[in-house]
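Report on the structure given below.
The values are calculated or read from the model by the stated rules, or taken from the named source; none is laboratory data. These figures come from a predicted structure and were not determined experimentally. A quick note on method: Cβ atoms are made from the backbone with ideal geometry, for glycine too, and the neighbour counts reach across all protein chains shown. Ligands, DNA and RNA are excluded from the accessible area calculation, which covers all protein heavy atoms including side chains. Shrake-Rupley method; radii C 1.70, N 1.55, O 1.52, S 1.80 Å.
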Amino acid sequence: MDANEKVKAEKGLLMDKRYNCPICDKQFRSKAVKSNTAKFVDTMADLRPIHSNVNVTKYDAICCPNCGYAALGKNFDNITATQRKTIQEKIQTNFKSHEETECDIYTTEMAISRMKMALLCTVTKGGKDSEIGYVCLKICWLYQDLADEVADDAPDAETKKETYLKEAYNAGMNAYNRLTNARMHEDYPIAGMNEPTLDYLLSYFAYKKEDYTTALQFLSGVVSNRSISPRLKDKSLDLKDMINKVREETES
């Protein structure tokens, strides 16, 4: 399937959904994946979801073109009067209103830009660590998607991939720090995750950070938990093996 066919196929899975902005009270449209159309395949080691026909993460951020307010879909209307005032003062006053972008699909670059706007607004309004961490996690995923899209024979392919993966790592570390704080101070579910799932994710990022002791500490309760799903159990055992292997190599 060539690029044009892929765009056409993805366009067929999308709808233009109408939203009413809780900041400026104006209506706008944002692309969304139609219900029950995304074909789930698997999750990567960092829980990045993989679908065979569409990258659903590209459509998770909703952005108002009138005032600049942006958030993840599940948090879009979840805003207090104080937060609304803060967004109006710090985002809306500096935002240049524009027409809705006409396009068939959101590219990964567009999705990253939208997700960064959601991050800015979430931080500006004083969102919880779990909210900020979850947006950072999605930025991490999107940069990895962008790296995956670089063709091996493209100009400067290696440099581009390295740059995108570095951005993914930085976003992942931001997610790790925020979600670690959320784990200490917030109630579950945290960013939609129960305790074993979050501990597995934190273990993975501690491993990427080369903090293997902390990674194994997070993972210990997950591996011994009898109520977790077989999928998470397998991922946890695989991660434990990777951590132990690297520790052996570094200590030998």
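Excluding same-chain neighbours fewer than eight residues apart, the lysines reachable from residue 166 by a Cα-Cα span under 26 Å are 58, 116, 128, 138, 208, 209, 235, 240, 245.
At most 14 other Cβ atoms within 10 Å and a DSSP loop assignment: could you name the GluC sites (Glu not before Pro) in the stretch 180-252 that fit?
210
Ordered by solvent-accessible area of protein heavy atoms (1.4 Å probe), largest first, the residues 148, 199 come out as 148, 199. Distance from the alpha carbon centroid of the stretch 73-133 to that of the stretch 1-51 works out to 17 angstrom. The label-point distance for residue 251 and residue 53, in a model that sets each label 7 Å from Cα toward Cβ, rounds to 4.9 nm. Applying both filters, DSSP loop and at most 15 other Cβ atoms within 10 Å, to the GluC sites (Glu not before Pro) of the stretch 75-167 gives 99, 100, 102.
Figure note: 119, 137 ranked by solvent-accessible area, largest first, 1.4 Å probe, ligands and nucleic acids not counted: 119, 137. Taking the C-alpha atoms only, the angle from helix 108-124 to the longest principal axis of the chain is near 90 degrees. Heavy-atom accessible area for residue 79, with the other protein chains in place and a 1.4 Å probe, reaches approximately 40 Å².
With every protein chain in place and a 1.4 angstrom probe, the accessible-area ranking of 51, 185, 98, largest first, reads 185, 98, 51. The phi torsions of the stretch 85-91, fed into the Karplus equation with coefficients 6.51, -1.76 and 1.60 and a -60° offset, translate into couplings of 5, 4, 5, 4, 6, 9, 10 Hz, rounded to whole numbers, with Gly and Pro shown as x. Between residue 242 and residue 80, the contour length at 0.36 nm per residue exceeds the alpha carbon distance by 54.0 nm.
The residue list 108, 36, 229 was ranked by how far each Cα lies along the charge dipole of the chain toward its positive end, using unit charges on Cβ atoms, and 36 comes out on top. Accessible surface for residue 6 stands near 120 Å², nearest 10, in the context of the full protein assembly shown (1.4 Å probe).
The long axis of helix 157-185 is offset from the longest Cα principal axis of the chain by roughly 80 degrees. I'd like the FRET efficiency for residue 123 and residue 153, computed as 1/(1 + (r/R0)^6) with the beta carbon distance as r and R0 of 45 Å, rounded to 0.05. E(calc), rounded to 0.05, equals 0.70.
Carbon-plus-sulfur fraction of the accessible area of the chain, 1.4 Å probe, in percent? Please report the intermediate quantities before stating the final value.
On the way: 6490 of 13920 Å².
Looking at the chain in its full context, I get 47 percent from C and S.
A 1.4 Å probe, protein heavy atoms only, puts the accessible area of residue 218 near 20 Å².
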